[in-house]
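For reference, the structure discussed in these notes is given below.
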C-alpha cells in the first residue's frame with residue numbers, strides 16, 4: 001500500500017512540472033526570418049528557362065554593375081519546376097518562410113501552348129504574397145515566345161493577371177525578344193530546340209530582369225564578362241532591352257516598391 005501511495009505522489013508531482021514543458025506553455029511564436037547575407041538578396045524559382053545559361057547569376061552580375069559598392073547574393077530555389085510545384089515544395093517554402101529577400105523572381109507559370117486552355121494562377125499569387133511577407137518584391141518573369149510562335153501577348157497578359165491579383169513587377173522579356181528578332185533577325189536567341197534560350201537570349205532576358213530590379217537603364221551598363229555574345233552583340237542587346245523597358249514599364253504593377 002505504501003508503495004502504491006508513493007507512486008501516485010510521484011506521478012502527481014511530475015504532472016505539475018517545475019518550469020513549464022512544451023505543451024504547458026501554449027503555442028510558441030515562430031522565429032523571425034533570418035537576415036539576408038548581402039545588401040541585395042535575390043531569390044529565383046522556376047524551371048529550365050531560368051536555369052539554362054545561368055540567368056540568375058547573370059542578373060546578379062548586372063545588378064552589381066548597376067549598384068557598385070553594394071553586395072549582391074543570389075539563390076536558386078531547388079528543383080526545375082512549375083510555380084504550382086514550387087508552392088508546395090519543402091525546399092522552396094523553407095527559403096521563403098525563413099529567409100529575408102530583396103527581390104523574388106518567379107518564372108514557370110503554367111500556360112496552354114495551344115491557347116485553348118487556362119491554368120490556375122492561385123499558386124503564383126500565393127508565392128508573390130509569400131515573397132512580400134519575406135520582405136521581398138515579387139518579380140514576374142514571363143518566358144520568351146517559342147520560335148515562330150505568336151504568343152508574346154498571351155504569355156505577358158497571363159503574368160499581368162497575377163500581378164493584378166498580388167502587386168508584382170512584370171519584366172517584359174517576351175517583348176524584348178520580339179524586338180530583337182525584328183531588328184536583328186540573324187542574331188539568334190533560341191536554342192536549337194526552338195524553346196529554350198541560347199546564351200544571347202539568356203543575356204537579353206537577364207538584362208530586362210536586372211533593369212526591373214534596379215531601374216538602371218540597361219544601355220548604361222558596361223560590357224560584362226558573361227557568355228552573352230561579344231562586345232558588339234552585348235551592346236545591341238542592351239539597346240534592345242533599354243527600348244523595351246521604355247515601351248513596357250516593368251514597374252507598372254508594382255509602382256510603390258523600392259528600386
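The values are calculated or read from the model by the stated rules, or taken from the named source; none is laboratory data. Since the model is a prediction, treat every value here as computed from it, not as a measurement. Here the Cβ positions follow ideal geometry from the backbone for every residue, glycine too, while neighbour counts run over all protein chains shown.
Condition first: in a helix (DSSP H, G or I) and under 22 Å from residue 249 (Cα atoms). Now tell me which residues in the stretch 92-126 satisfy that. Of everything in the stretch 92-126, those that are in a helix (DSSP H, G or I) and under 22 Å from residue 249 (Cα atoms) turn out to be 124, 125. Quick one: would you say residue 147 is out of contact with any helix residue (DSSP H, G or I) (no Cβ under 8 Å at 6 or more places or on another chain), under 30 Å from residue 186 (Cβ atoms) and in contact (Cβ under 8 Å) with a residue 40 or more places away in the chain? Yes, satisfied. The residue that is farthest from residue 68 (Cα to Cα), among those in the stretch 34-46 that are over 11 Å from the mean Cα position of the chain (by Cα) and part of a loop (DSSP other than H, G, I, E, B), is 35. Residues in the stretch 158-214 that are under 17 Å from the mean Cα position of the chain (by Cα) and outside any helix (DSSP H, G or I) were compared, and the one that is surrounded by the most Cβ atoms within 10 Å (Cβ to Cβ) is 171. If the condition is being in contact with a helix residue (DSSP H, G or I) (Cβ under 8 Å, 6 or more places away or on another chain) and under 14 Å from residue 51 (Cα atoms), then the stretch 179-199 contributes 191, 196, 197, 198, 199.
Checked against (1) crowded, with 20+ Cβ neighbours inside 10 Å; (2) farther than 21 Å from residue 48 by Cα; (3) under 13 Å from the mean Cα position of the chain (by Cα), residue 140 passes all but condition (2). For the stretch 215-259, filtered to residues that are surrounded by 13 or more Cβ atoms within 10 Å (Cβ to Cβ) and free of Cβ contacts under 8 Å to residues at least 24 places away in the same chain, the residue that is nearest to residue 137 (Cα to Cα) is 249.
What about residue 154, is it more than 19 Å from residue 54 (Cα to Cα) and over 22 Å from the mean Cα position of the chain (by Cα)? Quick ask: steps written out before the conclusion?
Details: more than 19 Å from residue 54 (Cα to Cα): yes; over 22 Å from the mean Cα position of the chain (by Cα): no.
Spelling it out, it is not the case that residue 154 is more than 19 Å from residue 54 (Cα to Cα) and over 22 Å from the mean Cα position of the chain (by Cα).
Taken together, 112, 134 contain a single residue that is touching a helix residue (DSSP H, G or I) at 6+ places or on another chain (Cβ under 8 Å) and at negative phi, which is 134. Here residue 15 passes the criteria (1) crowded, with 18+ Cβ neighbours inside 10 Å; (2) at pLDDT below 95; (3) assigned to a helix (DSSP H, G or I) except the one numbered (1). Evaluated against (1) in contact with a helix residue (DSSP H, G or I) (Cβ under 6 Å, 6 or more places away or on another chain); (2) over 19 Å from residue 248 (Cα atoms); (3) touching a residue at least 60 places away in the same chain (Cβ under 8 Å), residue 210 falls short on exactly one condition, (2).
If you check 119, 111, which single one turns out to be over 13 Å from the mean Cα position of the chain (by Cα) and surrounded by 18 or more Cβ atoms within 10 Å (Cβ to Cβ)? Outline the logic, then answer.
Numbers: 119 fails: surrounded by 18 or more Cβ atoms within 10 Å (Cβ to Cβ).
Selected residue: 111, the only one of 119, 111 that is over 13 Å from the mean Cα position of the chain (by Cα) and surrounded by 18 or more Cβ atoms within 10 Å (Cβ to Cβ).
Report yes if residue 74 is farther than 23 Å from residue 227 by Cβ, touching a strand residue (DSSP E or B) at 6+ places or on another chain (Cβ under 8 Å) and either in a strand (DSSP E or B) or modelled with pLDDT under 95 (or both), otherwise no. In short, no.
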